[in-house]
Amino acid sequence: MSVDIESKFVGGLIGTGIGDGLGRNREGYSMVDSGKIVEIGKKSNKLIYTDDTQQMIGLTESLIHSKGFDGKDFANRLVQNFDISRGYGSGAIQVIRSLKDTSEWKEPAKRLFGGEGSYGNGSSMRIAPIGLFKYDDLESLSELAISSSKVTHTHRLGVEGAKLQALSVGLAVGKDPKEGIDKQNFIKRLSEFIDENIYLEKLELIRSLVEKNIDKRKVIKDLGNGVEAYNSVPTALYSFLSNSGNFRDSVAYGISLGGDADTIGAMTGAISGAYHGKKGIPKDWKSKLENKDKIISLAKKLMKTKKEI
Ligand code: R7I
Ligand code: MG
Ligand code: MG
């Protein structure tokens, strides 16, 4: 197998930004044809990203600076990079504001939603850099995914979503798109790391749905398109697997499902970008991404950091 790993690091990060920037136009809307998403992409002059990519950038910067994951450093970067105009979740706003005033960075996230913490998809949508950084060691990848989630999302279902999304990105890095993907095996491998029933059940559903040409309504009904991690991470994985032939189809499909479209777009883009690499991402989408050069440079630095440690 000859895969260009650096191209995959770049693909995973700019894939997040493109899916997010394109999907924000459809956040909160109902499903449409994928063609409509491609059309929106053509008409947009710029793909402006949201909190999903803003936090993904912070996590990447933190991994590079700390040469690995450091919760305190990541918490500081969430505070430094906070930009309310990017459209953060209500729980995330509360946590980040509390993080600003405390050195006890593990505490604020635990206080959300009655004391179990958030199961929103906020810790899943930003996690591409962890999947890339540890793609060759899925045990460590899972541990880092869990730790990075807990800075804002401590609910077991929020944490598990982040783990599943990071694993999907990590597995995609190791696959050669010229060889195609064994979808059943990909899902089976993911299941080996997953403990929570709701995710295991959805992985089983994906396993059967992915072999058929399924109506979008059924995909939304069975897998979800909401802001909860368990109603969006499996949906992004399905969007990738059912359209794994090229980046454009997978991301357009994920966004076309509507609902939490920026985030389903970001997560589909992360997996698909990590699979196809930079070269597999349409030029027009790449050139329109806000802060494209900065994100590409971060991806390269992340790769360099991995080699050095
Ligand atoms: O997860 P989070 O950062 O939000 C991410 C979403 C993405 O769609 C972004 O694009 C952005 O739009 O926001 O922020 P949270 O507030 O932690 O979680 C998101 C939402 O999930 C919350 O505002 C709640 O509506 C819901 N939620 C919960 N509801 C009940 N009980 C999350 N956890 C719970 C819970 O435990
Ligand atoms: Mg967003
Ligand atoms: Mg969203």
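Every read-out reported here was derived from the displayed coordinates using simple, explicitly stated rules and does not represent laboratory data. If you're wondering where the values come from, they're calculated on a predicted model, not measured in any experiment. All Cβ positions, glycine included, derive from the backbone under ideal geometry; neighbour counts span all protein chains shown.
Normalised Debye scattering of region 205-270 at q = 0.16, 0.17, 0.27, 0.28 Å⁻¹ gives log10 I(q)/I(0) of -0.40, -0.46, -1.22, -1.31, counting only Cα atoms as equal scatterers and leaving out solvent. Of all the options 198, 14, 296, the one that moves most in a Gaussian network model of the chain with Cα springs shorter than 10 angstrom is 198. Please work out the C-alpha center-to-center distance from region 88-132 to region 1-60 and express it in whole Å. Taking the Cα centre of each part, region 88-132 and region 1-60 sit 22 Å apart.
Can you tell me the order of 187-195, 147-155 when each peptide is scored by its average per-residue count of other Cβ atoms within 10 angstrom, highest first?
In descending order of packing, they fall as 147-155, 187-195.
Using the average count of surrounding beta-carbon atoms within 10 Å as a protection proxy, the listed peptides 271-280, 299-308, 17-26 rank, highest first, as 17-26, 271-280, 299-308. For region 242-282, the direction-averaged projected area of the alpha-carbon convex hull comes to 2.5 nm². Among the DSSP helices (H) of the chain, those spanning at least 20 angstrom by Cα along their long axis with an average Kyte-Doolittle hydropathy of 0.5 or more are 5-23, 156-173; this is a geometric and hydropathy rule only. Kirkwood-type hydrodynamic radius, the chain: 18.5 Å, calculated from all non-identical alpha-carbon pairs.
When the P(r) of region 165-260 is calculated, the portion above 19 Å amounts to 35% of the C-alpha pairs. Per-peptide packing, taken as the mean over residues of other Cβ atoms within 10 Å, places 211-222, 77-88, 53-64 in the sequence 53-64, 77-88, 211-222 from highest down. By the rule of a C-alpha distance below 14 Å, with chain neighbours fewer than 8 residues away ignored, the aspartates and glutamates paired with residue 306 are 6, 61, 136, 137.
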